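Working notes for the structure below.
Each reported figure results from applying straightforward, stated rules to the coordinates on display, with no laboratory input. Since we're looking at a predicted model, the values are computed, not measured. Cβ placement follows ideal geometry from the backbone for every residue including glycine, while neighbour counts extend to all protein chains displayed.
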Amino acid sequence: MERQVVHLTIAGQSLRVVSTSSREQLGRLAAIVEERMRALDPQGRGALTQTLLLTALALANDLDCERAKRLEVTEDTRRFLATVKERVDVAIAGGEVESVGDGDCFT
């Protein structure tokens with residue numbers, strides 16, 4: 001996508017952004033920033049720089065938590081698939097597959 005100029009307003013400040021992202025995507029991201037800023041400073045009385053810093057830290061924390069969840073799910077999935085592979089290998093070899101748990105549901 002070609003670079004374009006997008007005008008955004010965050011915390012009452014008009015910003016000119018040059019980006020390859022769509023206007024819609026940047027608008028959604030700006031809305032997320034605005035929403036988090038209002039949650040952190042509902043009265044809008046804090047210093048803008050401090051509120052923006054707290055907002056950036058809160059969003060970075062959200063990202064870090066989501067990455068940790070993704071890594072945990074990835075590792076759980078790997079373990080589950082390794083168990084399935086072992087059980088399939090045993091079944092193909094003519095061995096008896098041991099039942100685990102109450103239905104082996106993966107959640």
To the nearest 20 Debye, how big is the dipole of the chain about its Cα centre, given +1 on the beta carbon of each Lys and Arg and -1 on that of each Asp and Glu?
840 debye
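In segment 1-96, what trypsin sites (Lys or Arg not before Pro) fall in a loop by DSSP, with at most 14 other Cβ atoms inside 10 Å? Intermediate results must be reported in sequence, preceding the final value.
On the way: sites: 3, 16, 23, 28, 36, 38, 45, 67, 69, 70, 78, 79, 85, 87; in loops: 3, 45.
In loop regions of segment 1-96 (DSSP not H, G, I, E or B), the sparsely surrounded trypsin sites (Lys or Arg not before Pro) are 3, 45.
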For segment 42-52, Karplus couplings with θ = phi - 60° (6.51, -1.76, 1.60), whole Hz, Gly/Pro x:
x, 7, x, 9, x, 5, 4, 4, 5, 5, 5
Proxy exposure order for 8, 54 (fewest C-beta within 10 Å first) is 54, 8
Using the Kirkwood radius over C-alpha pairs as Rh, can you work out the diffusion coefficient of segment 1-46 via Stokes-Einstein at 25 °C, viscosity 0.890 mPa s, in µm² per second?
215 µm²/s
Sequence order, segment 68-85: Karplus ³J(HN,Hα) from phi using 6.51 cos²θ - 1.76 cosθ + 1.60, θ = phi - 60°, Hz rounded, Gly and Pro as x, gives 4, 4, 4, 5, 5, 5, 4, 5, 4, 5, 4, 4, 4, 5, 5, 5, 4, 4
Relative contact order [Cα under 8 Å, 6+ residues apart], segment 1-92, whole percent
17 percent
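How would 2, 75 line up from fewest to most surrounding beta-carbon atoms within 10 angstrom? Walk me through the numbers before you get to the answer.
Values: 2 4, 75 10.
Starting with the residue having the fewest Cβ neighbours, the order is 2, 75.
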Volume per residue (Å³) of the convex hull spanned by the alpha carbons of segment 24-97 is 104 Å³
Quick one: Karplus J couplings for segment 10-15, per residue in order, coefficients 6.51, -1.76, 1.60, θ = phi - 60°, nearest Hz, x for Gly and Pro?
10, 6, x, 9, 7, 10
